[in-house]
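Heads up, the thing below is written out as structure tokens.
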Amino acid sequence: MEQNKMDKMTGAMYIAQCLKQEGVDKVFGQCGHTNYALIDACQRLGIEYVSFRHEQQAVHAADAYFRVSHRLAVINVHLSPGLTNALTGVATAAADGTPMVVIAGNTPSYHHAREAHQQMRLHADASQGDMFRPVCKRVWRVDDAKFLPDVMPRALNLAQTGRSGAVLVDVPMDVFSGIVEPAGEAPMAARRPAYRRVAGDAEGVARAAELLAKAQRPVIFAGNGVTLSDASAELAQLARRLHAPVATTLMGKGLYPEDDTLSLGTTGIWGTRAANDTTRTADVILAVGTAFGEADCSSWRPEHTFDIPKTRLIQIDIDPVEIGKSYPVEVGIVGDAKATLQALITRLGEAPRAEAAARAQLDQVAQRKAAWQQELTASQHDTGRPIHPATLLRELSEAAPDDAIFVTDVGWNKNGAGQQLQVKRPQSFITSGGMATMGFSPAAAIGAKLGAPNRKVIGLVGDGGLTSVMGALATSVELNIPVLWLLFNNFCFSTIRTVGGTYFKNTYGTEFQRPDGQAYNPDFMLMAQSFGIASSLIEDPRELGAGLRHALAQDRPYLLEVRTRGDLPMPRTGFWDIAEFLEGGNLISD
């Protein structure tokens, strides 16, 4: 059957044809009796089904697959428990703007009023999709196959346009097997936008150019919207034309090469001190594709990261809801990041800023960066045991190839990596931003490798995160996906251990230990062996360099365990106002 020719077919085959037309060659999920018709249809059309042992892991993998490849994330899961297992992953992807189409099986439509086996039914018949309404742009339940030609183009369109995100298509079994008679050939194209990049208003672009040209201390603040728009080249061109330093959100890390003199790194509670000091004292900030999330903005306290409106704000975002949401704007421009940055570059011309002002600002930035690096020296060269995580991150920065992709979990391996790893290319730092989901990295690293098979993918994960989702390792072996997992093993939930110890003088519930107080974890070397994964263990910081280089050279699934300290708080250069609620600890006693 020709790809663009849609004759009479089953609903499952119609959906698979729509995905094929969209360029989808991988669908992620887990099998069940309600969704197997689509798995079969995908295989018949040459679409690979990437199966995980748990639906949440499948969704994290699809999420990361999109983030490095910018190819649509597609999920296919079983009803009810399959869908509830997927919910955390979908919420994680939606919070970070990943375009994702979730296709779920459901009980046959003619059983909906009869409380069929595994059906969600307590408040409405077959209402499993209602759970996804808070995290999806749209939820459809298709109760007749004849409606699929109306729904599928809209689902694929909505997920990928405007502020991208997740959609859910809920498909009863009889709809998968029902007959669809599409009208004409290639119906998808006629129901989709022909041109997706909308530049911001010309008057707003002109006003932004005027403010930036006159600024003494401008800063560009770039977020995930720049990544989603593939606008990193335009971002770099604008920064170099303006001679303006660039700070990023955690999600935007690597959008601008962090080894460049104009790079400030990330902002916020765990940002670099150079970034926070420079954004706080800027006279104009150009914010592109960022929602000004709390962690990136030190709970929006002006004394820490952004002092707006004292600093004049230009904000560019594709979603009008974001303009002025967190900070008042002087110039708010609704538009696609790539198209609007191109227009702004053109408007600015070749030499938009006074040379003396640019030189003075960059001299100050260089001083701040040097002071920040000096501040990190002691921890990054710590020779104690267990190994200081900052020392591990420094060694990793030096050993990893320039095009490596880092996929983080939570804790030191996320916040510390965001602050101290040096990332030189866009789409090279993959993390759970809005949700900060523990257990994200192991499966997400597999998805990232599928999306970028020629790049080294390093999954950074703690012992708590890995043991919560160990099933992901099985998929890497089954499909022979050569990911390197770097395990920070500190025998605790270290971030919350710090919270307990600092504010409550108590670490109860945060440490992994037997009843006698002995530290406990599985033997990760034996665990890796049981999966068929090669592994090694480093306990001496003097062995880090050679051990990392050996692990990075492996072209197979590999687990490198490093015994790290669990009693060290992240270096905080910003602020998070939860501290105000924790400060008293447990002051009230019986």
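With respect to THR346, determine if the residue is touching a Gly at 6+ places or on another chain (Cβ under 6 Å), farther than 21 Å from TRP270 by Cβ, part of a helix (DSSP H, G or I) and of a type outside the set (A, V, I, L, M). Spelling it out, it is not the case that THR346 is touching a Gly at 6+ places or on another chain (Cβ under 6 Å), farther than 21 Å from TRP270 by Cβ, part of a helix (DSSP H, G or I) and of a type outside the set (A, V, I, L, M). Applying the criterion of being of a type in the set (S, T, N, Q) and in a helix (DSSP H, G or I) to the residues of the range 489-514, the residue that is surrounded by the fewest Cβ atoms within 10 Å (Cβ to Cβ) is THR502.
Specify the residue that is nearest to GLU561 (Cα to Cα); the eligible residues are those in the range 352-395 that are surrounded by fewer than 16 Cβ atoms within 10 Å (Cβ to Cβ) and among the charged types (D, E, K, R). Only one residue fits best here, namely ARG385.
There is at least one residue in the range 165-181 that is in a helix (DSSP H, G or I), of a type in the set (Val, Ile, Thr) and crowded, with 20+ Cβ neighbours inside 10 Å. For beta carbons closer than 7 Å, sequence separation of 6+ or different chains, a first residue in the range 62-86 that is touching a residue at least 12 places away in the same chain (Cβ under 8 Å) and a second that is among the acidic types (Asp, Glu) and surrounded by 22 or more Cβ atoms within 10 Å (Cβ to Cβ), the qualifying pairs are ALA73/ASP63; VAL77/GLU55; GLY82/GLU55; ASN85/GLU55; ALA86/GLU55. Is the range 517-524 home to any residue that is part of a helix (DSSP H, G or I), of a type outside the set (S, T, N, Q) and surrounded by 17 or more Cβ atoms within 10 Å (Cβ to Cβ)? The answer is yes; a qualifying residue exists.
Pairs linking a residue in the range 121-148 that is farther than 24 Å from GLY165 by Cβ to a residue that is charged (D, E, K, R), with Cβ atoms under 6 Å and 6 or more positions apart or on different chains, are ARG121/GLU115.
Quick one: which of ARG563, ARG556 is basic (Lys, Arg), touching a residue at least 40 places away in the same chain (Cβ under 8 Å) and surrounded by 16 or more Cβ atoms within 10 Å (Cβ to Cβ)? Residue meeting the stated conditions: ARG563. Among the residues of the range 576-586, is there at least one that is within 20 Å of ASN415 (Cα to Cα), in a loop (DSSP other than H, G, I, E, B) and under 28 Å from the mean Cα position of the chain (by Cα)? Yes, the range 576-586 has at least one match. One residue stands out among those in the range 31-79 that are crowded, with 24+ Cβ neighbours inside 10 Å and polar (S, T, N, Q): the one that is farthest from VAL483 (Cα to Cα), which is ASN35. In summary, GLY82 fulfils each of the numbered conditions (1) crowded, with 18+ Cβ neighbours inside 10 Å; (2) out of contact with any helix residue (DSSP H, G or I) (no Cβ under 7 Å at 6 or more places or on another chain) with the single exception of condition (2).
Among residues of the range 396-431 being polar (S, T, N, Q) and closer than 15 Å to ILE458 by Cα, the one that is surrounded by the most Cβ atoms within 10 Å (Cβ to Cβ) is THR408.
Considering the range 324-351, the residues that are buried (at least 19 other Cβ atoms within 10 Å of the Cβ), of a type outside the set (Val, Ile, Thr) and closer than 16 Å to LEU211 by Cα include one that is farthest from the chain's Cα centre (by Cα), namely LEU348. Here ILE458 fulfils each of the conditions (1) closer than 22 Å to SER51 by Cβ; (2) touching a residue at least 60 places away in the same chain (Cβ under 8 Å) apart from (1). In the range 152-163, of all residues being at negative phi and surrounded by fewer than 19 Cβ atoms within 10 Å (Cβ to Cβ), the one that is farthest from the chain's Cα centre (by Cα) corresponds to ARG154.
None of the figures in this text is laboratory data; all of them are computed from the coordinates on show. Just so you know, these numbers come straight off a predicted model, no measurement behind them. Neighbour counts are summed over all protein chains in view; Cβ atoms, including those assigned to glycine, are modelled from backbone coordinates with ideal geometry.
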